[in-house]
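Remarks on the structure that follows.
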Amino acid sequence: MSMPFYVAPEQMMKDRADYARKGIARGRGLVAARYVDGIVIVAENASQTLRKISEIYDRIAFAGVGKYNEFDQLRVAGVRAADLKGYQYSRDDVDARSLANSYAQMLGNIFTHEMKPMEVEILVAEIGLEPDGDQMFHILYDGTVVDHRDFAAIGGDAEATREALQSSWSEGMDRETAIRTAVAALVGERDVPSDQLEVAELSRTNGRRCFARLDEVATDIL
């Protein structure tokens, strides 16, 4: 009888992490940045139908990078979880922190127990009634959660994008300035047509449902 092939647990985790990172790096990144009335999210996306940025609930948005079919599964799961919680309790009880924790558990379980990890990173953003209540949570392929206050960058060359945002973002920006700042950090020196940029916002001025797409608005601004 042949002996089963043995792989050390730490090597297995390293191989899975390398596999997920390589898959995510092949995709295009996205940026989220706070402005005076909310949060803008900008993604590099050549498709006009397969969206990277979506609404989860009244004040919550979802954005993903990596394999579209995998992060769209997570989006649908988040919508269902938010709807169920809002129906059972109250709409005010649905928040980004609990959704981020749920996503972290899902991704962590898949990374640990499944043969193939999900090749995705996601961002869950929520705006509060006041600017101090704005939240952004970055969830990695292995379930790690990182919270961001003013801006976030995931996918693509995220480190360079974060450095660009660090030097260009400022408190109290209006929406137009925030979009320009986010686009400049995301594309860098590359020439990316405006129709390949997906832009959305969470705004305190939009009523109960704060999410809105800004593709046409962004084209005029840029």
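Just so it is clear, none of the values below were taken in a lab; they were calculated from the coordinates. Fair warning: this is a prediction, and the values are worked out from it, not measured in the lab. Note that we place each Cβ from the backbone using ideal geometry, even for glycine, and neighbour counts take in every protein chain shown.
Across the alpha-carbon atoms of segment 26-68, the computed radius of gyration and Dmax are 11.2, 33 angstrom. Look at SER90, SER168 and count the other Cβ atoms within 10 Å of each Cβ; fewest to most, that gives SER90, SER168. Kirkwood hydrodynamic radius of segment 9-221, from the reciprocal of the average inverse Cα-Cα distance over all distinct pairs: 17.3 Å.
Placing unit charges on the Cβ atoms of the charged side chains and taking the dipole of segment 9-221 about its Cα centre, the candidate lying farthest along the positive direction among THR205, MET106, ALA25 is MET106.
Computed over neighbours whose Cβ is under 13 Å from that of GLU176, the net charge equals -2, Lys and Arg +1, Asp and Glu -1. Tell me the net charge near ALA43. Cut-off is 9 Å between Cβ atoms, ALA43 excluded, with +1 for each Lys or Arg and -1 for each Asp or Glu. Surrounding charge for ALA43 is +1. Sites listed here are chymotrypsin sites (Phe, Trp or Tyr not before Pro) in segment 89-126 whose DSSP assignment is loop and whose Cβ has at most 14 other Cβ atoms within 10 Å: TYR89. Dipole check for the chain: with +1 at the C-beta of Lys and Arg, -1 at the C-beta of Asp and Glu, and the Cα centre as origin, the magnitude is about 620 Debye. The share of alpha-carbon pairs in segment 83-137 lying farther apart than 15 Å comes to 59%. With 10 Å bins beginning at zero, the pair-distance distribution over Cα atoms of segment 143-222 amounts to 16, 47, 33, 5 %. Look at THR161, THR177 and count the other Cβ atoms within 10 Å of each Cβ; fewest to most, that gives THR177, THR161. For segment 118-129, the Karplus equation 6.51 cos²θ - 1.76 cosθ + 1.60, evaluated at θ = phi - 60°, returns couplings of 6, 8, 9, 10, 10, 10, 10, 10, 9, 9, x, 5 Hz by residue, with Gly and Pro reported as x.
Listed by chain and number, the aspartates and glutamates whose alpha-carbon sits under 13 Å from that of LYS67, ignoring those within fewer than 8 places in the same chain, are GLU119, GLU121. Would you compute, from DSSP H runs of 4+ residues alone, the mean residue ellipticity of the chain at 222 nm, taking -39500 (n - 2.57) per run and dividing by the full residue count, rounded to the nearest 500? Theoretical 222 nm ellipticity from helices: -12500 deg cm²/dmol. Per the Debye calculation on segment 140-183 with a single equal scatterer at every Cα and no solvent contribution, log₁₀ I(q)/I(0) for q = 0.27 Å⁻¹ amounts to -1.07.
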